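*Asks:* Take this structure first; my questions come after.
Since every read-out is calculated from the coordinates, none of them should be taken as a lab result. None of these values were measured; they are calculated from a predicted model. Cβ atoms come from the backbone with ideal geometry, glycine included; neighbour counts cover every protein chain shown.
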């Protein structure tokens, strides 16, 4: 009986959690006006892809989709490279002031990103980089959290492996390439997901630094579209589906790495 | 010795890309923002930075006398102080329920509850905006079965912020739930076994074992949740534009408006620094409380 109550409660909560997504998907398949009726319909009475067609033809959302995809992939690759090099250096090399430097970096994590945005905007503006892909890529090139996670992971790789490679004449970069990167793959995958989802979902900075419809990422394009289509839930739901679906697929495919990463990040905070 | 030198220089080379990026595009902007907050940097300075003048603490004094800023501050605190504990409570409850050893389909439940976390905030805010629709929204429809009348969730100053809080809790509780589950799994089983032998009931076990053992996790969660919620922006931007009657105006939304809509960038920088200061103080307080309760 107790078990039954527990399962009922868990299933009910799961249903409530999914309800907004279910309604979003359902409304996105409705014809104009069908989601603006009382009582609300939970299923389309005639399934149509007209909203999606409209988004990809007349409203040119494919361009924004490409922007999001391209930027998320680029930021992920660049930041993985930069963060893994630095994380490796912090984990496996001794140099003057290492721990002090690392602690300073960690303590800056408390500074909210919004503080940097005004000068960053002016800086990129004077370089002529506002409203270009660089405006998103440059601030995303490296971050303390990524360096921290990689450092923690690389520290668990035995020094003997590195020493052995050195004796065999491997260069320091070869050690990074041939030993550290392969062994650190799990944490790199975790970080790649964080970085991809973070860039894909980001809103405030793209809203500030991208000023043209053709440069917008999906969230900015969607927010902009909302301004003109407050009365078109069907269209807006289709846009939301397109925005959410890629991150949901990536998450479901790689959830183990993602969830492990959250747990790791919380161990030492 | 020779080897040591070459490895040290390798370390510096490996550090250079990331550290210079962080230095140039994070440290310098933080410093610049601090300086900017003491200037009257505005739309005219945008084309010629030299036009900005130092005005001392004027921006901060003006903030102090700005009713809209106080409104934004009060809203943000309301949001943090309600949504924060609420989402932590829901997260912990979910984690405790899912921590049951005999529970089946655990990973499916966990996955489902976690799903809102990874989804794009802007997109789900738009979805919820329609869910909250006073006439056609499904929330009012469902509440109708319980005899609750039509509520204009986002159009009524009394309900707009609670509505945003409800959505935030839905969006975020899965994240903390995962961290709580990890914390729960780290509590050694023998503690519970010993307590059971001593005749402690479930509630006593929860109070005397689970909660104290979870304290570091709870501190971590409280801090990251608080920091995140202090920065609330997209929810009011998408769902209410800060309205009605500024009832959902948040600090970051106000900073964005002043800085990037009206180009009062000096003033906006001051807002950003007040936000930073608040987050800093709140974090220190959390640590202090934690230390005190650890000593008791």
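*Asks:* What ratio of Cα Rg to 2.2 N^0.38 Å holds for region B:57-295?
*Replies:* Cα-based Rg divided by the globular estimate yields 1.18.
*Asks:* Just counting partner chain Cβ atoms within 10 Å, what average do the residues of peptide B:134-143 show around their Cβ?
*Replies:* Across the residues of B:134-143, the mean count of other-chain Cβ atoms within 10 Å is 4.
*Asks:* Still on this structure: Among B:131, B:178, B:221, determine the one that fluctuates most according to a GNM of chain B built with springs between C-alpha atoms less than 10 Å apart.
*Replies:* Looking only at B:131, B:178, B:221, the biggest GNM fluctuation is shown by B:131.
*Asks:* Place the peptides B:191-197, B:124-130, A:68-74 in order of packing, highest mean first, counting for every residue the other Cβ atoms within 10 Å and averaging per peptide. Write down the numbers at each step before the final one.
*Replies:* Numbers: B:191-197: 12.6, B:124-130: 25.1, A:68-74: 19.6.
Going by the mean number of other Cβ atoms within 10 Å, highest first, we get B:124-130, A:68-74, B:191-197.
*Asks:* Sticking with this one: Just tell me how shielded B:110-118 is by partners: mean number of partner chain Cβ atoms within 10 Å of each residue's Cβ, no decimals.
*Replies:* The mean count of partner-chain Cβ atoms within 10 Å per residue comes to 6.
*Asks:* Name the most mobile residue of B:23, B:220, B:260, meaning the one with the largest mean-square fluctuation, in a Gaussian network model of chain B with Cα contacts below 10 Å.
*Replies:* B:23
*Asks:* A further question on this structure: With chain A treated as a Gaussian network of Cα nodes joined by springs under 10 Å, which of A:256, A:100, A:92 yields the largest mean-square fluctuation?
*Replies:* A:100
*Asks:* Set the Förster distance to 22 Å, then compute FRET efficiency between residue B:204 and residue B:101 from the Cβ-Cβ distance, nearest 0.05.
*Replies:* After rounding, the FRET efficiency stands at 0.70.
*Asks:* From the helices alone, meaning DSSP H stretches of at least four residues, give me the mean residue ellipticity at 222 nm for the protein assembly as shown, per-run term -39500 (n - 2.57), in deg cm²/dmol to the nearest 500. Don't skip to the answer; put the middle values down first.
*Replies:* Values: 27 runs with 390 residues, N = 565.
After summing the helix terms and dividing by residue count, I get -22500 deg cm²/dmol.
*Asks:* Say each of residue B:193 and residue B:49 gets a label point 7 Å from the Cα, pointing the same way as Cα to Cβ; how far apart are those two points in nm?
*Replies:* About 6.6 nm separates the two model spin labels.
*Asks:* Shifting gears a bit: Need one word for region B:83-135: rounded, prolate or oblate. Basis is the Cα gyration tensor (sqrt eigenvalues a ≥ b ≥ c); a/c below 1.5 gives rounded, then a/b vs b/c decides.
*Replies:* Note, shape of region B:83-135 comes out prolate.
*Asks:* A further question on this structure: With a Förster radius of 25 Å, plug the Cβ-Cβ distance of residue A:178 and residue B:23 into 1/(1 + (r/R0)^6) and report the FRET value to the nearest 0.05. Let's see the in-between values first.
*Replies:* Details: r = 30 Å, r/R0 = 1.18.
In this case the efficiency is close to 0.25.
*Asks:* Oh, and also: From the alpha carbon gyration tensor of chain A, can you work out the equivalent ellipsoid semi-axes (sqrt of 5 times each eigenvalue) and give them in Å, largest to smallest?
*Replies:* Values for chain A, descending: 41, 26, 16 Å.
*Asks:* Please say if region A:82-130 is rounded, prolate or oblate, where rounded means a/c under 1.5 for a ≥ b ≥ c the square roots of the C-alpha gyration tensor eigenvalues, and otherwise the choice is prolate for a/b larger than b/c and oblate otherwise?
*Replies:* Values: a/c = 3.30, a/b = 2.03, b/c = 1.63.
Since a/c reaches 1.5 and a/b is larger than b/c, the shape of region A:82-130 is classed as prolate.
*Asks:* Separate question: Determine the relative contact order of chain B: mean sequence separation of Cα pairs under 8 Å and six or more apart, normalised by residue count, in whole percent. Mind showing how you got there, number by number?
*Replies:* On the way: 299 pairs, mean separation 82.8, N = 296.
Relative contact order for chain B comes out at 28 percent.
*Asks:* Given axes a ≥ b ≥ c from the Cα gyration tensor, I'd like to know whether the protein assembly as shown is rounded (a/c under 1.5), prolate (a/b larger than b/c) or oblate.
*Replies:* It is rounded, given that a/c, with a ≥ b ≥ c, falls under 1.5.
*Asks:* To continue, here is another question. Within a 10 angstrom radius of the beta carbon, how do B:203, A:200 rank from fewest other beta carbons to most?
*Replies:* B:203, A:200
*Asks:* Nearest 0.05, what FRET efficiency do residue B:245 and residue A:60 give at R0 = 25 Å with Cβ-Cβ as r?
*Replies:* For residue B:245 and residue A:60, the calculated efficiency is 0.10.
*Asks:* Shifting gears a bit: Could you work out the Rg to Rh ratio of region A:1-48, with Rh taken as the Kirkwood radius (inverse of the mean 1/r over all Cα pairs)?
*Replies:* Rg/Rh for region A:1-48 comes to 1.20.
*Asks:* Compute the separation of the alpha-carbon centres of region B:151-229 and region A:126-173 and state it in Å as a whole number.
*Replies:* 34
*Asks:* Using only the alpha-carbon atoms, how far is helix A:185-201 inclined from the longest principal axis of chain A? Give it as 0 to 90 degrees, nearest 10.
*Replies:* 40
*Asks:* Listed highest first by mean packing, meaning other Cβ atoms within 10 Å per residue, what order do A:150-156, A:216-222 come in?
*Replies:* In decreasing order of mean packing, A:150-156, A:216-222 become A:216-222, A:150-156.
*Asks:* Follow-up. Where the Cα atoms of region A:218-268 are projected onto their three principal axes, how long is each span, largest first, in whole Å?
*Replies:* Largest to smallest, the principal-axis extents are 46, 23, 14 Å.
*Asks:* Okay, next question. Hey, got the average number of other protein chain Cβ atoms within 10 angstrom for residues in A:14-25?
*Replies:* Partner-chain Cβ atoms within 10 Å, mean over residues of A:14-25: 5.
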